[in-house]
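The next block holds one structure in the form of structure tokens; read it before the comments.
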Amino acid sequence: MKKKFAVVFVALVVLISCDSRSSRNESIAPDVYSNYLQKGNDISNLAQGVLLANVGKAIQQGGAEHAVEFCNLKASAIIDSLNRVNLCDISRVSEKNRNPGNILQNETDKSLWAHYSTQAADRANDTLIKSSDGFIFYKPIRIALPACLKCHGIVGEEIDQLTHKKLQNLYPSDLATGYKLNDFRGMWKIEFEAN
């Protein structure tokens with residue numbers, strides 16, 4: 001009972017204090033809040049677009065199996081280059097991670113995961129939180145395209161056997177399959193140092 005109460009309490013705190021569109025974090029000045037919220041949205045959209053474009057090319061070149069290998073070798077380098085250009089730290093975090101480095105890192109990640117996983121796609125808002133070092137922007141990631149299911153769908157249905165074997169070889173602890181279109185997949189997490 002205490003554990004259930006704690007989960008409900010955390011969810012309420014997140015809903016009340018973190019939802020960026022319905023209530024602004026009062027400890028952040030309005031202009032700073034708007035600026036970082038916009039930057040986070042722009043950077044996450046750019047990162048998503050760059051990754052999707054590159055994965056799309058990899059699928060065209062060699063199918064989903066090749067795309068898995070491409071992501072294993074190149075996705076981190078793409079994100080690292082965007083980090084340098086945008087002076088931030090971009091990551092994707094998930095409870096059902098593929099890359100072990102993308103696990104939920106702290107209680108804030110876990111609280112927001114719980115919040116976003118219960119929200120309909122059209123109600124899950126971006127979140128900006130003030131941290132001790134600056135600001136952290138979160139944005140939910142959903143399975144938006146049928147092509148995503150070739151690597152994140154159901155094994156034996158959308159994920160063919162060659163792709164599944166490649167996933168097992170490159171990501172032996174993979175948890176990032178079994179999704180359907182519009183399912184909540186993870187979160188963009190973008191950390192900015194305060195200026």
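The values are calculated or read from the model by the stated rules, or taken from the named source; none is laboratory data. This is a predicted model, so every value here is computed, not measured. Methodologically, a virtual Cβ is constructed for each residue, glycine included, from the backbone with ideal geometry; neighbour enumeration extends over all protein chains shown. Surface areas here come from the heavy atoms of the whole protein model, side chains and all, with no ligands, DNA or RNA. Shrake-Rupley method; radii C 1.70, N 1.55, O 1.52, S 1.80 Å.
Structure summary
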{"item": "Convex hull volume per residue in cubic angstrom - Cα atoms of segment 113-195", "result": "128"}
{"item": "Under 5 Å, built H, 5+ apart or other chain: amide partners of R142", "result": "R185"}
{"item": "Kyte-Doolittle at least 1.6, axis length at least 20 Å by Cα - qualifying DSSP helices, the chain", "result": "2-18"}
{"item": "Contour excess over end-to-end distance, with Cα ends at E69 and K130 and 0.36 nm allotted per residue", "result": "18.3 nm"}
{"item": "Antiparallel content of DSSP bridges confined to the chain, in %, to 5", "result": "90"}
{"item": "Pairs beyond 24 Å (Cα-Cα), from K139/K165; K110/K180; K139/K166; K139/K180; K74/K110; K165/K189", "result": "K139/K165; K139/K166; K74/K110; K165/K189"}
{"item": "Eligible aspartates and glutamates near K130 by straight Cα distance, threshold 12 Å, same-chain separation 8 or greater", "result": "E26, E191, E193"}
{"item": "MRE, 222 nm, helices only [DSSP H, n ≥ 4, -39500 (n - 2.57), over the chain, to nearest 500]", "result": "-17500 deg cm²/dmol"}
{"item": "Size-normalised alpha-carbon gyration radius of the chain, reference 2.2 N^0.38 Å", "result": "1.07"}
{"item": "Derived scalar couplings ³J(HN,Hα) [segment 181-194; Karplus, 6.51 cos²θ - 1.76 cosθ + 1.60; whole Hz; x for Gly, Pro]", "result": "3, 6, 5, 5, 10, x, 9, 6, 10, 10, 9, 10, 7, 5"}
{"item": "Highest-first arrangement of 169-176, 35-42, where packing means the average Cβ count within 10 Å", "result": "35-42, 169-176"}
{"item": "Surface per residue (accessible, 1.4 Å probe) for the chain, Å²", "result": "57"}
